Each structure stands twice: as structure tokens, then as C-alpha cells.
Amino acid sequence: MKRFSKKAGLVLILLAASGVLGATEIVNHNITEAEIKVAQDGWGTALIQISDDYRAGGVEKARSTATQVLDSAYGYANGPVLFKPTLASGEQTFRLTKAGALAYFIGHDPAYPADTGFALKNWKSYRYDNAAVYINGNMGLTMGTVHLVDRDNKEVDVDKTWGFRKGDDGKVRIVLHHSSLPYTH
């Protein structure tokens, strides 16, 4: 009996290796560091595009672009997004809705009177330095500094933690966005 089992096992291994016995479909939703970096670059590019659209076409053009960015880059369609903007405080510190995030990026929303439109600040470039990237299955977390430069060449550094989730559709979306200004003494 043992001899048959070894022989049968060897036959199965040989058949599997040859491709005769193979899974018809393999699904892997694991996120990669490269995909996370693409998502981070996409966020920076989108921020600059919103700023450019504001300069070229005003608040409505910027709002349209920002809405598209929130729909494609953030996971609001799949559940809550944990969004803590850089310059938010009080009862509106944490934004769990797309409307709250849009108000932060664009301003001009009476429900969020303190928001002046972070994405409208005349940004021209960005870069990020990840202190670390943590990946577990379809989730990835980053923590580091985003460096933003405006058209007057003034640089603003923002401490940022992002959470990314790769969905069943294969797209990577932001599900955690936490920003703060670096601590100063």
C-alpha cells in the first residue's frame, strides 16, 4: 500500500508539473510595494492637477477633478475611508465621508467653514519619502513625509500615513489617509 501511495503521489506531482493537472484560475489579490508607489505617485499627480485646474478654470473645474480623484483613488465605494486631513481640527478633524474629503481638498462648502481648499494652494511638485512600508495580503501601509512645493518655491513637509487596499477588481485604493504637520519645539 505504501508503495502505491508513493507512486501515485509521484504521478500527481509529474502531472501537475507538466500542466496537465493545473488550476483553471488562480486569484491573487496581494498588494505589492510597486503598486503602493504607483498609488502614492497618483495621489501627488492628482493633487497638482487639482491645483492646475483651479488656476485654469476655477473652483468648479477643480471640484470636478477632485471628485474624480476621490472616486478612483479612494475606497469610498467599498466602505469607510479613514481620512484625517493635515489642517483639520475640532469636530471636523476626522472625515469619514467623501463629502468631508472633498471639502478639505476644495473648500467652498458651508458644512466645513474652516476648509480653505488644501488642493488649491498652487502646488507644482511633490515627492515622498517612506520611512517604512508594511504589506499584509491585500493591504499595505506607508508612513513617511510628503514634500510639497508651491509655485513660489515654498516647500511644505507633511507627515503622512496611508493605508492602501487592493480590491477584487485589482485596483489599489486609499482606505486610510492621515496627515499632520511635523512637530516643532
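The values are calculated or read from the model by the stated rules, or taken from the named source; none is laboratory data. Remember, predicted model here, so these are calculated numbers, not experimental data. Positions of Cβ are backbone-derived with ideal geometry, glycine not excepted, and every protein chain shown enters the neighbour counts. Heads up: the accessible areas ignore ligands, DNA and RNA and are worked out on the full protein's heavy atoms, side chains in. Shrake-Rupley method; radii C 1.70, N 1.55, O 1.52, S 1.80 Å.
Restricting K84, K121 to residues that are among the charged types (D, E, K, R) and open to solvent by 60 Å² or more (accessible area, probe 1.4 Å) narrows the list to K121.
Kindly indicate the residue of segment 160-185 that is more than 13 Å from the chain's Cα centre (by Cα) and among the small types (G, A, S) and also farthest from N30 (Cα to Cα) among those meeting that condition. By that ranking, first place goes to S180.
Among the residues of segment 160-174, how many are buried (at least 16 other Cβ atoms within 10 Å of the Cβ) and not polar (S, T, N, Q)?
Keep residues of segment 160-174 that are buried (at least 16 other Cβ atoms within 10 Å of the Cβ), which gives 160-166, 172-174.
With the extra rule that they be not polar (S, T, N, Q), the set shrinks to 160, 162-166, 172-174.
Qualifying residue count for the region: 9.
For the criterion of being over 16 Å from the mean Cα position of the chain (by Cα) and open to solvent by 20 Å² or more (accessible area, probe 1.4 Å), D157 passes.
Tally time: how many residues in segment 95-106 are closer than 24 Å to W123 by Cα, surrounded by fewer than 16 Cβ atoms within 10 Å (Cβ to Cβ) and at pLDDT below 95? Spell out how you get there, then give the answer.
Quick first cut of segment 95-106, residues closer than 24 Å to W123 by Cα only: 95, 98-106.
Checking the rest, the ones that are also surrounded by fewer than 16 Cβ atoms within 10 Å (Cβ to Cβ) come to 99.
Narrowing further to those that are at pLDDT below 95: none.
So the answer is 0.
Scanning segment 129-177 for residues being more than 23 Å from R55 (Cβ to Cβ) and outside any strand (DSSP E or B) gives a total of 7. Annotation: S125 fulfils all but one of (1) in contact (Cβ under 8 Å) with a residue 24 or more places away in the chain; (2) closer than 23 Å to D53 by Cα; (3) part of a loop (DSSP other than H, G, I, E, B); the unmet one is (3).
Restricting attention to segment 58-65, does a residue exist that is touching a residue at least 60 places away in the same chain (Cβ under 8 Å), more than 15 Å from the chain's Cα centre (by Cα) and open to solvent by less than 60 Å² (accessible area, probe 1.4 Å)?
So the first thing to find is which residues in segment 58-65 are touching a residue at least 60 places away in the same chain (Cβ under 8 Å), and the list is 59.
With more than 15 Å from the chain's Cα centre (by Cα) added as a condition, the list becomes 59.
After this cut, where a residue has to be open to solvent by less than 60 Å² (accessible area, probe 1.4 Å) as well, the list is 59.
Looking through segment 58-65, at least one residue is touching a residue at least 60 places away in the same chain (Cβ under 8 Å), more than 15 Å from the chain's Cα centre (by Cα) and open to solvent by less than 60 Å² (accessible area, probe 1.4 Å).
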